[in-house]
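Here is the structure we will look at.
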Amino acid sequence: MPHRNAPLTETGRLRLARCVVDDNWSLRRAAERFQVSPTTAQRWADRYRRLGEAGMADLSSRPRTSPRRTPTRTERRIIKVRLLRRWGPARIAHLPHLVPSTARRVLTRYGLARLAHMDRATGRVIRRYERDKPGELVHVDIKKLGNIPDGGGHKALAGPRAARTARTPATDSYLHTAVDDHSRPAYSEIHPDEKKETATGFWKRAHAYFTECGITVERVLTDNGSCYRSRHWRDHLAAAGATHQRTRPYRPQTNGKVERFNRTLLDEWAYARPYRSEQQRRDAFPGWLHTCNHHRGHTALKGQPPASRVPNLTRQYT
């Protein structure tokens, strides 16, 4: 493909060259006709004499030699460190005394996966998957979150140290969340603990929410938390007709859909602005969750919100 500012396409070059070589036009006349310099006209005419029509195509701009290219021995060392230690380019570059951009180019040249796309323990590329229909698999998880003391956290306070030490001590909250694997709608609640009774009560309401949206839950995926290993949780899932599946130990990426939702939750709600109290942050949670389900574009859904895959997410047709 010719350069965007090139005055001649391949067809124009061929016509110019034929005027000079075949029709015996002068270089100046041909250059004036095609609005290029005589030097350019001579270059295409010479190439036409040597190569014919094939010579009108653009040649590669890659140099024949690259004396400043990273030596092969150094490239092999970069690749070896990446495969053995799972380091990023910034950390790898310190060993052979290179800049991070050089290490990054070497890794890109050899097609090595980004660290975010591989399992650190095994080095294998993480396979992304998606269930075929809503309800086939629902991811459930609990996220521990520190409460904001009365008067606001450190981001909201600008007063003296004495004012900060006199505040009410902060405790923790636990966000129980369920995310459908296929359509990505989320149901989430804030609770003071992660006991089995709390987790089971949350799932009852989450299951009712998905049912009202027209989603029949077939399987539930959780980690190995004590509340999910309890007989209380197992019996309730069995009564609801759902199969329980747990992730392997130290493999949180298996439950990646809800783990990614937790990260979005922290970035766009929990720490999105300096709240003055825990209650103020909790009051903003329902509105944010509605926006996330109905209006926020999801990259896995090609920029569409989860509501685009669940027609009854608004529960108007129950």
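Just so you know, all these numbers are worked out from the coordinates, no wet-lab data involved. Keep in mind it's a predicted model, so treat the numbers as computed, not measured. FYI the Cβ positions are ideal-geometry reconstructions off the backbone, even for glycines, and counts take in every protein chain you see.
Side notes on the structure shown:
- Between the listed residues Leu145, Ala30, Tyr271, the Cα displaced farthest toward the positive end of the dipole of the chain, a dipole computed from Cβ unit charges relative to the Cα centre, is found at Ala30.
- Sites excluded, chymotrypsin sites (Phe, Trp or Tyr not before Pro) in DSSP loops with at most 12 other C-beta within 10 Å, longest stretch of the chain: 130-249
- For the chain, calculated [θ]222 nm from helices alone, where every DSSP H run of n ≥ 4 adds -39500 (n - 2.57): -11500 deg cm²/dmol
- If R0 is 45 Å, the Cβ-Cβ spacing of His290 and Thr108 corresponds to a FRET efficiency of close to 0.65.
- Cα pair count fraction exceeding 38 Å, expressed as % - the chain: 48 percent
- Among Leu289, Leu107, Leu59, the residue with the largest mean-square fluctuation in a Gaussian network model of the chain, with springs joining Cα atoms closer than 10 Å, is Leu59.
- Of Ser183, Ser61, Ser66, Ser226, the sequence from fewest to most neighbouring Cβ atoms within 10 angstrom is Ser61, Ser66, Ser226, Ser183.
- In plain terms, the residue of Leu8, Leu313, Leu83, Leu115 with the fewest other Cβ atoms within 10 Å comes first and the most crowded comes last, giving Leu83, Leu115, Leu8, Leu313.
- Dipole magnitude for the chain: computed about the Cα centre from +1 point charges on Lys and Arg Cβ and -1 point charges on Asp and Glu Cβ, it is near 1880 debye.
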